[in-house]
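The values are calculated or read from the model by the stated rules, or taken from the named source; none is laboratory data. In this text, all values refer to a predicted model and were calculated from it rather than measured experimentally. Here Cβ is always computed from backbone atoms with ideal geometry, including for glycine, and neighbour counts include all displayed protein chains.
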Amino acid sequence: MSNAALLRENGIQATAQRLAVLSAVGLHPHGTAELISECVTASLGAISRQSVYDTLGLLVERGLIRRIQPVGSPALYEDRVNDNHHHLICRRCAAVVDVDCAVGDTPCLTAADNMGFVIDEAEVAYWGLCPTCQTVSDEAAIAVPSFHHHPREEHPHATSKEQ
Ligand SMILES: [Zn+2]
Ligand SMILES: [Zn+2]
Ligand SMILES: [Zn+2]
C-alpha cells in the first residue's frame, strides 16, 4: 500500500508534509525527531521543526509509527509497528537494532499482577555492546554517555536494515 493510501485509511489527510515525514521515518529506522526533521527539510524545503514534531505525534497516535525512548536517549521513531519486536541497544555507540520477540505477539510479558490494567505492550530493550564496539579497545572508548556523544549518522551500523 502506498503511504498516501495508508494515511487515508487511517483518517489522515495525505499532505506533502505528512508523506515526507512518513517516508523519512521509513528511511531512518530509529531516527530522532531532529534527524527526521532534517530529512523532511531536505526534501521539502523550510518546514518548522514544531510541525514535523506535531506530525510525528499524530502518526504515533494513529499507530502508523512507533516511538521508543531508551533510557538516556531522545525519542526514536520507526515505521515497523504492531509486531511486538524488541531492540538491542549498544551502550557505547547507541546503535539500535531490531530483534524479533522470542515469544510472538504483543504483549510477551505477563505481569505477575496486572492490578486491573489491560496490558497491550511490554517494552523490552536488551542493552550491551554491538559487534563493532566489542572490537574497540577499552581506553579508546571509556564508558561515556554515547547518546549525547556521537551523532548517530556517523555510525553506519546504527540502523537495523544494514545489519
Ligand atoms: Zn556500538
Ligand atoms: Zn525497531
Ligand atoms: Zn518479547
Exercise for the section: Can you tell me which residue within segment 90-114, out of those that are farther than 23 Å from Ser37 by Cα and β-branched (Val, Ile, Thr), is nearest to ligand 3 (Cβ to nearest atom)? Expected result: Val103
Problem - Filter result for Val60 (among the hydrophobic types (A, V, I, L, M, F, W, C), touching a strand residue (DSSP E or B) at 6+ places or on another chain (Cβ under 9 Å) and within 16 Å of ligand 1 (Cβ to nearest atom)) - result: no
Practice task
State yes or no: is Ala5 outside any strand (DSSP E or B) and more than 16 Å from ligand 2 (Cβ to nearest atom)?
Solution key: yes
Problem - Test: Arg62 is out of contact with any helix residue (DSSP H, G or I) (no Cβ under 6 Å at 6 or more places or on another chain), among the charged types (D, E, K, R), in the same structural domain as Arg18 (by TED's automatic domain parsing) and closer than 30 Å to Asn10 by Cβ - result: yes
Completion exercise
Filtering helices (runs of 4 or more DSSP H) wholly in segment 16-135 for at least 2 residues that are of a type in the set (A, V, I, L, M) gives 16-27, 33-44, 49-61
